[in-house]
Amino acid sequence: MANEDSLLHKQRHSLAHIMVQAQQRLLDPELILGVGPAIDNGFYHDFLWSDKADQELIKTEESIMKTTIKEMQKIVKENQDFVYLEMPAKDAQEMLKLLGQPYTLELCNDLIVWWETVLGVYINTVNAQAVERMLAHTKPEYLAKYKNITEWFTKHYPASIEWKFVTFANMCKWPHVENTKEINPDSFTLEKLAWAYRKWDSDNIMMTRIYGLVFESKDELKAYQTMMEEAKKRDHRILGAKLKIFTLSPLVWAGLPLLQPNGMLIRKEVEDYLWELHKDKGYQRVWTPHLAKEDLYKTSGHAEKFGDELFRVQGKEEKFIMKPMNCPHHMQIFADNQFSYRDMPVRYFEPATVYRDEKSGQLSGLTRVRAITQDDGHLFCRASQIGEEVGSIVNIIKEFYSTLGMINDYRVRLSIRGPEGKYLGSDEVWVQAEEALRKASEENELPFRVGVGEAAFYGPKLDFMFKDAIGREWQLATIQCDFNLPERFDLSFVNEQGEKERPVVIHRAISGSLERFMGVMIEHFSGAFPLWLAPVQIQIVPVAEKFNDYAFDLRSQIYKAGLRIRVDDGDDSFSKKIRNAELMKVPYMLIVGEKEESDNSVSVRVYKTKEQLTMSVTDFIAEKVKEYKERSL
């Protein structure tokens with residue numbers, strides 16, 4: 001997200017207002033507004049059509065979008081001023097009643113309850129003498145409405161709109177541009193029409209939502225649109241089905257994907273690599289069950305934190321919870337040992353599945369699921385060891401994402417507390433944890449910025465954002481510093497003085513969650529995995545049935561070398577077999593016929609480069625084994 005004070009952020013928020021102004025002008029003068037924030041790539045705004053809406057123009061999405069964007073372009077060229085006013089709450093209430101905005105009025109009343117006595121309002125104005133010319137094409141009801149609004153502001157705030165006509169008004173505290181001439185009319189467009197529950201609550205009314213794209217230039221907007229077109233081709237839900245990586249079964253339940261053999265091979269490769277990166281750094285593997293008594297999560301604070309997201313299980317005599325996090329279990333393992341300062345740090349590693357009852361509308365393929373396998377690690381250390389341990393984790397993260405070709409242009413967010421939210425622990429503990437991570441970030445020269453209000457409920461964290469092959473950013477790895485859970489579980493070790501000392505816990509995940517990570521990898525590689533991740537690494541295609549024996553002899557040699565290989569000896573034609581291997585994006589296809597059999601060679605087709613070459617069997621095996629072991633891209 002652009003900085004709130006940056007011009008881009010102001011443009012994005014201003015265009016949210018311009019979008020609904022355009023709607024009021026031509027589609028519905030009584031449009032009822034919901035929220036309209038700036039977001040990472042532009043803005044969105046929620047609204048409801050009234051019975052005054054133009055039924056012909058709102059009949060299709062194409063008509064809505066075309067009419068709205070055309071009017072937005074016109075508004076930007078009108079050099080409208082954005083005027084910010086602060087007014088007493090009673091004036092804001094009167095204004096919102098005049099505007100006919102019940103939902104914004106409800107928010108205003110809530111703010112009054114919260115002791116907000118002065119509220120911010122933004123109005124758009126144009127030269128009053130130009131109104132007849134500028135707004136001649138708009139609906140008469142819109143003109144009449146804003147004539148009344150202008151008169152109200154003239155009476156109550158005359159200095160703010162001298163010789164001006166108000167074209168839009170709404171309660172808002174976020175910064176906007178001063179004039180629409182600060183907005184490049186070629187740098188924005190409308191992306192899509194969607195729907196969302198008011199206040200994100202399914203018990204509330206469903207509102208219409210329009211998303212807009214806003215960038216600093218026409219070229220950046222075009223680049224983003226091109227990227228999104230490419231993203232559609234890489235959609236992991238489509239590729240995952242085509243490549244037989246995972247299955248979504250309504251009989252199993254939404255959000256509980258099933259990994260096919262191809263998917264399990266990919267997951268196993270990732271798990272093995274993650275353990276390889278940890279096993280020589282003092283980590284020990286542990287295992288914990290999938291559920292526990294509710295008391296465990298009451299102690300940890302997760303029961304209150306996750307609320308109705310928890311899966312509750314009724315046993316014969318007691319109630320259980322499917323674990324939403326692994327850390328409370330790992331606390332119990334630590335607590336069952338007697339450690340001294342000589343043992344610290346203690347490092348546990350467990351790729352374990354946790355469960356959260358996400359809303360159905362939020363589920364998506366592998367990237368948003370109800371069963372989440374975290375490549376979880378918990379380190380119990382002294383406060384003085386935080387910097388060294390974070391440095392070790394950072395090195396693992398860098399090596400892992402370098403292997404995947406995602407290390408360029410990454411960034412890190414130091415997520416700390418905000419003024420609002422439920423956080424465990426004292427201010428003193430939070431200050432200590434936040435400063436420890438800040439210092440570790442500086443010592444490891446991480447490209448970090450501070451994210452206020454984005455901490456976990458039990459402690460601050462470092463979130464690592466990596467870009468995929470088409471430039472999209474994904475939050476994947478995380479390092480979290482926790483002084484709270486050791487306190488809640490009364491954990492300790494014996495220090496040099498023979499006294500009990502409280503450890504610090506560092507939570508870390510390298511891939512984030514294996515399901516989401518696999519979804520990202522499918523899209524990052526567009527299904528064309530490097531050799532080490534490819535479910536089928538090599539496919540042999542005999543040119544005719546009489547060469548099947550040679551093909552299977554080759555398969556045996558290559559399989560013994562540790563590579564995943566199959567022979568297509570089916571009834572399809574030779575050209576269809578070639579096409580099948582291409583569709584499955586197999587990295588290497590070996591074509592074998594009379595010449596190859598007589599020379600003990602293979603004709604190799606490389607999927608990524610489309611290169612074709614002939615090699616001896618010995619050289620091919622040696623080269624591919626090396627490529628596999630080195631995890632080459």
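Residues within the reach of a label modelled at residue 545 (point 7 angstrom out along Cα to beta-carbon, backbone nitrogen below 18 Å), restricted to the range 584-603, are 592-594.
A simple spin-label model places the labels of residue 599 and residue 502 7.2 nm from each other, with each point 7 Å out along Cα-to-Cβ.
Close amide H partners of residue 526, meaning residues 5 or more places away or on another chain with modelled amide H under 5 Å apart, do not exist here. Give the shape of the range 557-633 as rounded, prolate or oblate, defined through the alpha-carbon gyration tensor: a ≥ b ≥ c are the square roots of its eigenvalues, a/c under 1.5 means rounded, and otherwise the shape is prolate if a/b is larger than b/c and oblate if not. Note, shape of the range 557-633 comes out oblate.
Computed over the range 491-538, the alpha-carbon pair-distance distribution with 5 angstrom bins reads 5, 16, 14, 14, 8, 7, 6, 7, 8, 9, 6, 2, 0, each value a whole percent.
Extension gain, residue 606-residue 618: 0.36 nm per intervening residue step, less the Cα-Cα distance, totals 2.6 nm.
Between the C-alpha center of the range 149-224 and that of the range 384-416 there is a gap of 38 Å. Per residue, the accessible area of the range 168-246 comes to 55 Å², computed with a 1.4 Å probe over protein heavy atoms only. If you wrap the tightest convex hull around every Cα atom of the range 409-531 and split its volume per residue, you get 156 Å³.
For the range 34-102, the per residue solvent-accessible surface stands at 48 Å², with DNA, RNA and ligands left out and a 1.4 Å probe. In this structure, residue 332 and residue 264 have a Cβ-Cβ separation that, at R0 = 30 Å, corresponds to a calculated FRET efficiency of about 0.50. Distance from the C-alpha centroid of the range 68-102 to that of the range 546-561: 74 Å, rounded to the whole angstrom.
FRET efficiency for the pair residue 408 and residue 144, taken as 1/(1 + (r/R0)^6) with r the Cβ-Cβ distance and R0 = 41 Å, rounds to 0.15. Return the carbon/sulfur percentage of the accessible area of the chain, one whole number, probe 1.4 Å, all protein chains in place. Carbon with sulfur: 49 percent of the solvent-accessible area. Among the GluC sites (Glu not before Pro) within the range 149-213, those in coil by DSSP and having at most 16 neighbouring Cβ atoms inside 10 Å are 162, 178.
Each label was represented as a point 7 Å from its Cα along the Cα-to-Cβ direction; for residue 275 and residue 53 these points are 5.6 nm apart. Would the range 187-252 count as rounded, prolate or oblate if I go by the C-alpha gyration tensor, calling it rounded below 1.5 in a/c and otherwise prolate when a/b exceeds b/c, oblate otherwise? The shape class here is oblate. Separation of the alpha carbons by more than 29 angstrom is noted, of 192/467; 398/500; 244/626, for 398/500. How much accessible area per residue does the range 505-600 have, in Å², with a 1.4 Å probe? Solvent-accessible surface per residue comes out at 39 Å². Each Lys or Arg adds one and each Asp or Glu subtracts one; over the other residues with Cβ under 12 Å from the Cβ of residue 468, this totals -1. Computed from the C-beta positions of residue 249 and residue 211, the FRET efficiency with R₀ = 45 Å rounds to 0.90. Averaging the Cα positions of each part gives two centres, and for the range 29-65 and the range 575-600 these lie 54 Å apart. Checking the a/c ratio against 1.5 first, then a/b against b/c, what shape does the Cα gyration tensor give for the range 24-168? The shape class here is oblate. You can think of it this way: the chain between residue 242 and residue 566 has 114.8 nm of extra reach, that is 0.36 nm per residue less the Cα-Cα gap. Per residue, the chain reaches -11500 deg cm²/dmol at 222 nm when only DSSP H runs of four or more residues are counted, each adding -39500 (n - 2.57). P(r) tail, the chain: Cα-Cα pairs separated by more than 44 Å, 38% of all pairs. In this label model, residue 109 and residue 490 are separated by 4.9 nm, measuring between points 7 Å along each Cα→Cβ vector.
Compared with the alpha-carbon gap, the fully stretched path from residue 427 to residue 70 is longer by 123.4 nm at 0.36 nm per residue.
I want the local charge near residue 155. Using Cβ-Cβ distances under 12 Å, sum +1 for each Lys or Arg and -1 for each Asp or Glu among the other residues. Here the count lands on -3.
The values are calculated or read from the model by the stated rules, or taken from the named source; none is laboratory data. All figures in this text were calculated on a predicted structure; none of them were measured in a lab. Cβ: placed from backbone, ideal geometry, glycine included. Neighbour counts: every protein chain shown. For accessibility, only protein heavy atoms count, side chains too; no ligands or nucleic acids. Shrake-Rupley method; radii C 1.70, N 1.55, O 1.52, S 1.80 Å.
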